[in-house]
1. Local charge sum around Arg45 (other residues, Cβ-Cβ under 15 Å, Lys/Arg +1, Asp/Glu -1)?
2. Need the list of lysines near Lys86 for cross-linking: C-alpha distance under 21 angstrom, and skip anything on the same chain fewer than eight residues off.
3. Per residue, what accessible area does region 1-50 have, given a 1.4 Å probe and all protein chains present, in Å²?
4. If you take every residue apart from Thr118 with its C-beta less than 14 Å away from the C-beta of Thr118, what net charge results, scoring Lys and Arg +1 and Asp and Glu -1?
5. Tell me the accessible surface of Glu88 in square angstrom (1.4 angstrom probe, heavy atoms of protein chains only), to the nearest ten.
6. Enumerate the residues in region 1-44 having an amide nitrogen under 16 Å from the point lying 7 Å beyond the Cα of Gln113 toward its Cβ.
7. Counting only protein heavy atoms and a 1.4 Å probe, tell me what percentage of the chain's accessible area is made up of carbon and sulfur.
8. Leaving out ligands and nucleic acids, note down the accessible area per residue over region 61-105 with a 1.4 angstrom probe, in whole Å².
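The values are calculated or read from the model by the stated rules, or taken from the named source; none is laboratory data. All values derive from a computational prediction rather than experimental measurement. Please note: Cβ atoms are built from the backbone with ideal geometry, for glycine as well, and neighbour counts cover all protein chains shown. Surface areas here come from the heavy atoms of the whole protein model, side chains and all, with no ligands, DNA or RNA. Shrake-Rupley method; radii C 1.70, N 1.55, O 1.52, S 1.80 Å.
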Amino acid sequence: QVQLVESGGGLVQAGGSLRLSCAASGNIFKITAMGWYRQAPGKQRELVAAIPSGGSTNYSDSVKGRFTISRDNAKNIVYLQMNSLKPEDTAVYYCNAVVIISVSWRYQEVWGQGTLVTVSS
């Protein structure tokens, strides 16, 4: 019932910028933590950045100072602003959220379908 839809991926040159968006919809009572993960070919999925509903942000060491995660709680959207992109940032980026489902009042972890980011050298 709950869906996450990512957008904003594409091809960009090294040093360029890109902004990813993730919109949550469905029977959502409340969204707790939201985050971005990525998976490069032949690699395991890794956490890129996370943000709770009202707390501090958390970043992977490899993206600190370059990426910024933010969220619009009213619209149930999380963003990832990616600056100074490097070829090693190339991966499929996945949105993740932990939500409280309406009526059932249960927690559910939800994943988006992923959006491809390719950074050319």
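1. Values: positive: Arg38, Lys43; negative: Glu6, Glu46, Asp89, Glu109.
Charge balance in the 15 Å sphere: -2.
2. Partners within reach: Lys43, Lys64.
3. Values: 2740 Å² over 50 residues.
Per-residue accessible area for region 1-50 comes out at 55 Å².
4. Details: positive: Arg38, Lys86; negative: Glu88, Asp89.
Net charge in that neighbourhood comes out at 0.
5. Its heavy atoms expose roughly 130 Å² to the probe.
6. Under 16 Å, as judged by backbone N against the label point of Gln113, lie 1-10, 21-26 of region 1-44.
7. Working: 3130 of 6540 Å².
Of the solvent-accessible surface of the chain, carbon and sulfur hold 48 percent.
8. On the way: 2130 Å² over 45 residues.
Result: 47 Å² of accessible area for each residue.
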